[in-house]
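Quick notes on the structure that follows.
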Amino acid sequence: MKFLLKLILKLLAKATLAKYCPRIVGITGSVGKTGSRLAVAAVLRQRFSVGEPAKNLNNEIGLPLAILGEQDSGYRSLVAWLGIFVRAFKQLIVKNSTYPEILVLEYGVDRPGDMDYLLSVARPEVAVLTAVSPTHLEFLQTVEGVAREKGKLVLALPATGTAVLNVDYPQVAALVGKGAAKVLRYGSDNMANVRAQGVSLSQDASGAVQGVSFRLSIEGSTVPVLVRGTIGTPAVSMAMAGAAVGLALGLSVLEVTRGLAAFVPPPGRLSLIEGVHGTTIIDDTYNSSPEAVRVALLALGDMPCPVGARRWAVLGDMLELGKESEVLHRAVGEEVAKLKIDYLVTVGEQSRDIARGAIAAGLSEQNTWHVPESSQAGKTILESLLSGDVVLVKGSQGVLCERVVKDLMAAPRRAGELLVRQSKPWV
C-alpha cells in the first residue's frame with residue numbers, strides 16, 4: 001500500500017512541476033533544515049511568490065506533498081488521501097494562478113538511497129547544505145556516510161545552479177569545487193561570501209534576553225541583524241543561509257535585510273519561553289543529536305542568570321546513533337560537567353549514559369536525576385525551581401520532551417502556538 005501511495009504522489013508531483021515549472025531551492029543537512037527553510041522563504045518573499053510547507057514535509061511522502069501545495073499528510077484516512085489526490089488533479093487540469101514561482105523544499109535522509117529517491121522527484125536549482133554531523137548513524141553508519149548521502153543534493157545541481165554551503169563544517173567545506181554548480185559559502189570563515197560577526201545575546205533595558213544579534217557581511221556590505229525569541233548560533237546560521245540564497249537569486253542587500261527582519265525561527269529550536277516561578281525555558285525539543293546538544297549546552301552556559309539562580313539541563317535520548325550511542329551520550333554528559341551546569345535531568349533509557357558521563361566528569365550525583373519518560377521530568381523538578389533559573393530542554397523527536405516544556409511553562413494554554421508536535425499524530 002505504501003509503495004502505491006509513494007508512486008501516485010511521485011507521479012502527481014512530477015506532473016505538477018512539469019506544468020508550473022517553479023524554481024526549486026533544496027535544503028538538507030544534519031541540523032537546521034527547517035529554520036533555514038523559513039529564513040530562505042522570508043528572504044525570497046521580498047521579491048517572489050514562495051511556496052514552502054508549514055510542517056517538515058521532507059521525506060518520500062512529504063516532499064511530493066509539499067510540491068502539491070499540501071500542508072499535511074492524509075495519515076491513515078482514506079478520505080483525506082482522496083481529497084489530496086482530487087486537489088492535485090484539479091490543479092493539473094485547471095491552472096492554479098496562485099502556484100508559487102519558487103518552492104523551498106527540505107530533503108530529509110536517514111539511510112542510503114533516500115536522497116536518490118527524493119532527487120528522482122525534484123532536482124533543485126539551488127542546494128543548501130546546512131551541516132554534517134553525527135546523525136542517523138543507525139543506517140548511515142559514519143559521519144562520512146552522512147556527508148556522502150546529503151552531499152548528493154549538491155552534486156546533482158546543474159552547471160547553471162548554485163550550491164550554498166556552510167563552510168563551518170569540514171565535511172561541507174570539502175564539497176567546494178566538487179560538482180558543476182557555482183558555490184556560495186556562508187559561515188564564520190573570512191573567505192565566506194556571507195559571514196556573521198559579533199554574535200551576542202541581545203538584552204532589553206531591563207536585562208531580559210530578547211534574541212541573538214550579529215553583524216551580517218554580504219559581499220562587502222555589513223548590516224545589523226536581530227533574530228528575536230531565540231538564542232545561540234543555530235539561528236545565526238539559518239539567517240546566513242537565507243541571505244546566501246537571496247544572493248544566489250539576485251536579491252539586493254536591502255531585500256535580504258528586510259527578509260531577515262521578518263524571519264521567525266520555528267518552535268523547539270532554542271526558543272525562549274517564560275517558565276513557572278519566574279524561570280526561563282530554552283525549548284530545544286524539536287530533535288537531538290550530539291552536535292546539536294553541544295550547541296544547546298553552550299547557549300545555556302551563555303544565558304545570564306541572577307545571583308543565586310541555577311542552570312538546568314533536561315536531556316532526553318539521542319536516537320538513531322547506532323553502535324556509537326553509548327560513547328556519544330557519555331560525551332554529552334562530560335560536556336555538561338565541563339560547562340559547570342548546576343543540575344542534570346535525563347529522560348529515556350539511552351540518556352542514562354549522559355548522566356554516567358557527567359558524574360564521571362565531576363558533576364555531583366546528588367544534582368542528577370533520571371526519569372524513564374518525559375511525562376515525569378517536569379513534575380520531578382517543578383518544586384525545586386527558583387526564580388531566575390534557566391532550564392534547557394532537549395531530546396530526540398521520539399522522546400517527546402516538549403511535554404516537559406508544557407509542564408514548566410507559565411502559560412501552558414499557549415502550547416499549541418509555541419511548542420512542537422501539538423497536532424496529530426502526536427497528540
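The values are calculated or read from the model by the stated rules, or taken from the named source; none is laboratory data. The model shown is predicted, which means the values in this text are computed figures rather than measured ones. Don't worry about glycine lacking a Cβ; one is built from the backbone with ideal geometry, like all the others, and counts go over all protein chains shown.
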Check your understanding: From the list ALA88, ALA66, ALA80, ALA54, which one is of a type in the set (A, V, I, L, M) and modelled with pLDDT under 90?
Key -> ALA54
Exercise for review: Please give the number of the condition SER423 fails out of (1) of a type outside the set (D, E, K, R); (2) over 20 Å from the mean Cα position of the chain (by Cα); (3) not assigned by TED's automatic domain parsing to the domain that holds THR280.
Suggested key: (2)
Study note, to complete from the structure: Picked from the range 202-259 (must be more than 21 Å from GLY29 (Cβ to Cβ) and hydroxyl-bearing (Ser, Thr, Tyr)), the residue modelled with the lowest pLDDT is SER206
Check your understanding: How many of the residues making up the range 272-286 are surrounded by 23 or more Cβ atoms within 10 Å (Cβ to Cβ) and under 17 Å from the mean Cα position of the chain (by Cα)?
Key -> 5
Check your understanding: Quick check: is even one residue across the range 75-88 surrounded by fewer than 16 Cβ atoms within 10 Å (Cβ to Cβ) and within 28 Å of LEU249 (Cα to Cα)?
Key -> no
Study note, to complete from the structure: Residues of the range 343-358 being in contact with a Leu (Cβ under 9 Å, 6 or more places away or on another chain) and either hydrophobic (A, V, I, L, M, F, W, C) or surrounded by fewer than 19 Cβ atoms within 10 Å (Cβ to Cβ) (or both), in sequence order, are LEU344, VAL345, VAL347, ILE354, ALA355, ALA358
**Study point:** Total residues in the range 145-166, condition surrounded by fewer than 22 Cβ atoms within 10 Å (Cβ to Cβ) and touching a Phe, Trp or Tyr at 6+ places or on another chain (Cβ under 7 Å)
**Key:** 0
Check your understanding: Looking at VAL164, is it in contact with a helix residue (DSSP H, G or I) (Cβ under 8 Å, 6 or more places away or on another chain) and modelled with pLDDT under 95?
Key -> no
Review point. Name the pairs whose Cβ atoms lie under 6 Å apart, with the first residue in the range 354-373 and at negative phi, the second hydroxyl-bearing (Ser, Thr, Tyr) and part of a strand (DSSP E or B), and 6 or more positions between them or separate chains?
Key: ILE354/THR346; ALA355/THR346; ALA355/THR368; ASN367/TYR343; HIS370/THR346
Check your understanding: Mind checking whether some residue in the range 101-120 is in a helix (DSSP H, G or I), of a type in the set (D, E, K, R) and surrounded by 15 or more Cβ atoms within 10 Å (Cβ to Cβ)?
Key -> yes
Check your understanding: In this structure, is ALA131 surrounded by 17 or more Cβ atoms within 10 Å (Cβ to Cβ) and either without any contact (Cβ under 8 Å) to a residue 60 or more places away in the chain or outside any helix (DSSP H, G or I) (or both)?
Key -> yes
Practice item. Grab the strands (runs of 3 or more DSSP E) fully contained in the range 259-341, keeping just those with 2 or more residues being β-branched (Val, Ile, Thr) and touching a residue at least 40 places away in the same chain (Cβ under 8 Å). Key: 280-284
Check your understanding: If you check GLU255, GLU219, GLU324, which single one turns out to be in the same structural domain as THR346 (by TED's automatic domain parsing) and over 26 Å from ARG414 (Cα atoms)?
Key -> GLU324
Review point. Over 24 Å from VAL264 (Cα atoms), part of a helix (DSSP H, G or I), assigned by TED's automatic domain parsing to the domain that holds LEU297 and without any contact (Cβ under 8 Å) to a residue 24 or more places away in the chain: does that describe ALA377?
Key: no
Exercise for review: Go through the range 12-36 and give me each residue that's surrounded by 19 or more Cβ atoms within 10 Å (Cβ to Cβ) and part of a loop (DSSP other than H, G, I, E, B).
Suggested key: PRO22, GLY29, SER30, VAL31, GLY32
**Study point:** Residues that are small (Gly, Ala, Ser), more than 20 Å from MET115 (Cα to Cα) and surrounded by 14 or more Cβ atoms within 10 Å (Cβ to Cβ), drawn from the range 167-200
**Key:** GLY187, SER188, ALA192, ALA196
Study note, to complete from the structure: When the range 373-391 is checked residue by residue, the ones that are surrounded by fewer than 24 Cβ atoms within 10 Å (Cβ to Cβ) and of a type in the set (A, V, I, L, M) are ILE381, LEU382, LEU385, LEU386
